[in-house]
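Coordinate-derived values only; no laboratory data. The structure displayed is predicted, hence computed values, not measured ones. Here the Cβ positions follow ideal geometry from the backbone for every residue, glycine too, while neighbour counts run over all protein chains shown.
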Amino acid sequence: MKVYSLVGESGTGKSHHASFIAGKYGIRFIIDDGLLIKGNSIVAGISAKKEATKIGAIKRALFTDPKHAEEVKKAIAELKPDKILIIGTSDRMVDAIAEKLSLPPVSVRIYIEDVLPPKQIEIAREKRLLEGKHVIPVPTFEVKKQFSGYFLDPLRIFRRKRSGYYEKTIVRPNYSYLGKYTISEGVINSIVSHELLLFKEVYRVNKVVTEKREEGVILNVEVTMRYGFNLVAPLMQAMENIKRQVERMTALNVLRINIYVKSLYVTKNK
């Protein structure tokens, strides 16, 4: 296995340009902030950006937790990558990660200054300082499970490739000085009710109950339907619409939607 490293100070655009560098050198596996990433998928690990403090994030990124390190080591042993890219803020950091994960020593060292002009690095630093955002080099849907309820912002990079456009994901971590945010259940209820009442078959949304899980939410919905219509088809479509809109508008990961038809509304004939 050949080990590469990409080194640069925090907020200089390392994660943002990791996929470009991996493509240039034919690297399919990336280790970044506690995650093992293969192509566009997170295959193992826990993101340092989920930690409540900066110290906790550093420890997570360095794989100081034996259980965390063992999970990633096991995945690497099973996947047998021929090349791997470690992202870090210093040579010392990437060397420590390689040692923790029992990887060979770094043989190719790449620095962000070799990739980006000084002006672009400065812009990236300002973005980090002002907005407290961090980039993970995977598409939005891949990080929803890890970051359900966090601030997510899909960022498209218009570099054309055969399968479409590259996509990255920006995440505001817990320890950002800008703080965390919460989403009222009333907001979720409003989205669910709105999407259901777009269907003429639905007479009334009686109740929406949100079950919160660490990895996302389960939505339990009770409805009254109009008599004389097919009930299954519109509700199946409504479930798809609800999942799409809730995830798009709140960044919550919708694990499951249960819709219960509790009653039928019958229109009296004249």
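Between the range 7-75 and the range 214-237, the C-alpha centres lie 39 angstrom from each other.
In the range 185-265, the DSSP beta bridges split such that about 50 percent are antiparallel, to the nearest 5.
Note on Lys54/Leu197: beta-carbon distance plugged into 1/(1 + (r/R0)^6) with R0 of 30 Å gives a FRET efficiency of 0.10. Extending 7 Å from the Cα toward the beta-carbon at both Thr64 and Ser190 defines two label points whose distance is 4.3 nm.
Taking a ≥ b ≥ c as the square roots of the eigenvalues of the Cα gyration tensor, the range 2-131 is oblate, since a/c reaches 1.5 or more and a/b is not larger than b/c.
Prolate is the label for the range 185-265. Its Cα gyration tensor axes, ordered a ≥ b ≥ c, give a/c of at least 1.5 and a/b above b/c. Stretched out straight at 0.36 nm per residue, the stretch from Glu71 to Lys262 would grow longer than its current Cα-Cα span by 64.2 nm.
Here the extension length gained between Gln245 and Asn269 equals 5.0 nm, from 0.36 nm per residue of separation less the Cα-Cα distance. Each residue of the range 216-227 is assigned a 3J(HN,Hα), and the resulting list reads x, 10, 10, 9, 10, 10, 10, 9, 10, 9, 7, 5 Hz, derived from the Karplus form 6.51 cos²θ - 1.76 cosθ + 1.60 (θ = phi - 60°), x at Gly and Pro.
Taken about its Cα centre, the range 185-265 carries a charge dipole of about 220 debye when Lys and Arg each add +1 at the Cβ and Asp and Glu each add -1 at the Cβ. Full extension of the chain segment joining Leu79 with Met1 gains 26.9 nm, where the gain is 0.36 nm per residue of separation less the Cα-Cα distance.
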